[in-house]
Amino acid sequence: MKPDEKRIAELMAQLGCSRAEAEDIILYDSEVEEGKSTEYDLTPEQQENVKEMNRKTEHKKGAKRNRKPNDLKEAIVAELADFLKEDAQGQVYEDVAITNANRMIAFTVNGKKFELTLVEKRPAKTT
């Protein structure tokens, strides 16, 4: 296969190489595109090493973010839990427990387990 003269001239100008080097580059590129092995390919042993190293790559673990306590939400959750334990009259609430002081209460009614989650909405954005 005879390399294209225009492509040879482009490579010689862009890379500042000789005609022979430009022809070698074109031949090498065509071998790579056809999937043929080249002198620069990794040996099977090197490929296995690369696979093994990629498998053992350490991933950055994000730092645990400590949230500022929301006293209002905690008070509301505590009051709701107290209400379910003491004052609720419609159902018998058993095993009432605050599972997350900032937002969640778990309880049982008639053998069925429930979780109540308190969500504070963000204020509406003004544009």
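Only the coordinates and a few stated rules stand behind these numbers; no lab work does. Computed from a predicted model, the values in this text were never measured in an experiment. As a convention, Cβ positions derive from the backbone with ideal geometry for all residues, glycine included, and neighbour counts pool all protein chains shown.
Quick notes on this structure:
- Principal axis dimensions, the chain - Cα atoms, whole angstrom, descending: 93, 48, 25
- Cα-centre dipole for the chain with unit charges at Cβ (Lys and Arg positive, Asp and Glu negative), debye to 20: 1040 debye
- Per residue, the convex hull spanned by the Cα atoms of region 20-61 amounts to 112 cubic angstrom.
- Directionally averaged projected area (convex hull, Cα atoms, region 71-117), nm²: 2.9 nm²
- Violating pairs (Cα-Cα greater than 20 angstrom) within the set K60/K121; K6/K36; K73/K125; K85/K112: K60/K121; K6/K36; K73/K125
- Cβ charges +1 (Lys, Arg) and -1 (Asp, Glu), total dipole of region 71-117, debye: 240 debye
- Taking each DSSP H run with n ≥ 4 as -39500 (n - 2.57) and averaging over every residue of the chain yields -12500 deg cm²/dmol at 222 nm.
- Relative contact order %, the chain, counting alpha carbon pairs below 8 Å whose residues are six or more apart: 12 percent
- Relative contact order computed over region 72-127 (Cα-Cα under 8 Å; 6+ residues apart), in percent: 28 percent
- Eligible aspartates and glutamates near K56 by straight Cα distance, threshold 13 Å, same-chain separation 8 or greater: E48
- Among A97, M53, G16 the positive-end extreme of the charge dipole of region 14-127 (Cβ point charges): A97
- Long-range HN-HN contacts of V96 with modeled amide H, under 5 Å: T108
- Under the Karplus curve 6.51 cos²θ - 1.76 cosθ + 1.60, θ = phi - 60°, whole-Hz ³J(HN,Hα) for region 37-43, x wherever Gly or Pro sits: 6, 10, 5, 9, 5, 6, 6
- Label point at Q46 placed 7 Å out along Cα→Cβ; residues across region 23-38 whose backbone nitrogen lies under 18 Å: 28-29, 31-33, 35-38
- Paired Rg and Dmax values of region 1-40, which use every Cα atom, in angstrom: 10.4, 28
- Helix 44-55 vs. the chain, principal-axis angle (Cα, 0 to 90°, nearest 10): 20 degrees
- Assigned charges on the beta-carbon of Lys, Arg, Asp, Glu; region 1-68 dipole about Cα centre (debye): 1440 debye
- Summary of the geometry: region 17-53 and region 80-127, compared by the centres of their Cα atoms, lie 64 Å apart.
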